[in-house]
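Before any comments, here is the structure.
We did not get these values from a lab; they are worked out from the coordinates using the rules stated. Because the structure is a prediction, the values reported are computed rather than measured. Don't worry about glycine lacking a Cβ; one is built from the backbone with ideal geometry, like all the others, and counts go over all protein chains shown.
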Amino acid sequence: MQKPIKTETTMDHQMLNSNQHVTKAVKKANAFLADLKISEVLAYKRKSTFHPLVSFEAKTTIRVFLKALNNANILSAPVYTVDEQTGDNIYIGILSIYDVLSFAVFEEIFDSDKDFQESNLFDYIERMDAKEFFNTPVEKALGSSAESLAPWMFYSTDAVSDLVSALSISKQHRVLVVDSDILMESVFGPIPPTASITVLSQTDLVSFLVNSNVLPKEILEPILDIQVGTVSVLLGQNKAPIIAILETQSALHGLKTMYMDNLQAVPVINKNGELVANFSASDLRGLNLNNMSKLNKPVFEYLESERRNREGLMADQISQVKYDVTLEHAIKEMQTKKTHRVWVTGDGLDALSGVLSYTDVLRMFKELPVL
């Protein structure tokens, strides 16, 4: 099996001292959001893309969980236990499809056999079927990733700045929020207490910060006007190679790369090093024991055979931007393509030079490190 490919970053960064107005704007944004309550984010979400909470009892099997996620077109859901005395739901974590497959599939395949061969995938599938992995309760998969172990419960009375801090941590993509107003109303009326529970994601929060007009222009515009290539400098991020896979390598190879390197996505490149697709945890939607053999296909073929969402985003609709475009442009690209990241290209045609994620965007609304 070929090793992951590493491409060196080549971004032409601007010096931090030329962006002092940005650092001042970020400090003002953090102070402004410290006085704003999460209830404002909830109100904004209800006006745009609010959906009822989908959650699962802890004893639900992995097989049922994966099927339900696919039917609901979502990637994760809260898991709860039922209090025997009160009958109330007690939420114990947020589980994603990547957590489940890490626990039930990847750990078995990749960790148990250092000399794993892709041709042996069917043997592993039979082994998992015999062990009834997919009949395992979902509660057993909690903790398979850093996200499902991280703090994830907030209240609508908490500050938005606290929410920004939580969702700007690597691997933390969503949290549960208790709407205190609805919870109080449920005590006196027919509203069920579960109606007060909402999942807020990085996507929700970025949309609120950028599109709701809640932030004054003098704070928001300097942040959105910076070049994408400058973001990593402002955030104090170390220059690091991008791990990529070839379009001729299998989807299973891509998953192993993601699993072993603790990544949520990898870029797919051709033999000339040009970016041709994105392969991420969201592409695992719909995967189960019966169709897992599709992972042996070349990754681009696997992506082309599966629609990523109901809007029909396909592998060749890769989200990428030039390093000298504004942060606002990059955010609009992610929102339009409904992705969580954009790959950044440099001077050469489709020359991969970096990646910008919603985690990076949210970090731009916190106080920047002093360099």
Taking the number of other C-beta atoms within 10 Å as the exposure measure, put Met292, Met364, Met153 in order starting with the fewest. Met153, Met292, Met364
So if we plug the beta-carbon distance of Lys27 and Glu57 into 1/(1 + (r/R0)^6) with R0 = 56 Å, what FRET efficiency do we get, rounded to 0.05? 0.80
Residue order, fewest to most beta carbons within 10 Å, for Leu101, Leu176: Leu176, Leu101
Would you mind checking the pairs Lys47/Lys332; Lys28/Lys366; Lys217/Lys332; Lys256/Lys337; Lys171/Lys217 and listing those with alpha carbons more than 21 angstrom apart? Lys256/Lys337; Lys171/Lys217
